[in-house]
Amino acid sequence: QVQLVESGGGLVQAGGSLRLSCTASGRTFSSYTMGWFRQAPGKEREFVANVRWSDSSTNYADSVKGRFTISRDNAKNTVYLQMNSLKPEDTAVYYCAGRQYYGGIQPYSYDYWGQGTQVTVSS
């Protein structure tokens, strides 16, 4: 069983930056594809970014491309989401997700989820 704990959310003005962290328990983190999703009130959970276990290649939603950066530190069992040039429409609860080996852009392709961290961007 893998447990994921997010941190780093908060309130920021439009144009500002935040860095989210997600730390995983367990000794096989390096074999997990890790993803970030978000869910705004009244909306479905949507893909933000992921980083593969095999080569640390990354994938981003079009809405965040060029503004957000996902990275991982296997020695610390941690995945990060650096969010720059934040917009009010980025306001959501952000969730970290993981699955051993393959994880895609759909929520159902991940087995493990964190509790979520709130990000609020004011205009």
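Read-outs: derived from the displayed coordinates by stated rules, not from any lab. As the structure is a computational prediction, the values presented were derived from the model and not from experiment. As a convention, Cβ positions derive from the backbone with ideal geometry for all residues, glycine included, and neighbour counts pool all protein chains shown.
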Among G66, G42, G104, the residue with the largest mean-square fluctuation in a Gaussian network model of the chain built from Cα contacts under 10 Å is G42
Could you work out how far apart the two model spin labels at Q115 and D62 are, taking each label as a point 7 Å from the Cα in the direction of the beta carbon, and quote it in nm?
3.6
Of Q39, Q13, Q100, the one that fluctuates the most in a GNM where the chain has Cα springs shorter than 10 Å:
Q13
Here the longest stretch of the chain that holds no trypsin sites (Lys or Arg not before Pro) in a DSSP loop having at most 16 other beta carbon atoms within 10 Å is 68-123
For region 14-28, Karplus-derived ³J(HN,Hα) couplings (6.51, -1.76, 1.60; θ = phi - 60°; whole Hz; x for glycine and proline) come out as 3, x, x, 9, 9, 10, 8, 10, 9, 10, 10, 7, x, 10, 10
Just how far, in whole angstrom, is region 4-33 from region 68-97 if you go by their alpha carbon centroids?
5
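Relative contact order of the chain, please, whole-number percent, based on alpha carbon pairs below 8 angstrom and at least 6 residues apart. Don't skip to the answer; put the middle values down first.
On the way: 313 pairs, mean separation 44.6, N = 123.
Relative contact order here is 36 percent.
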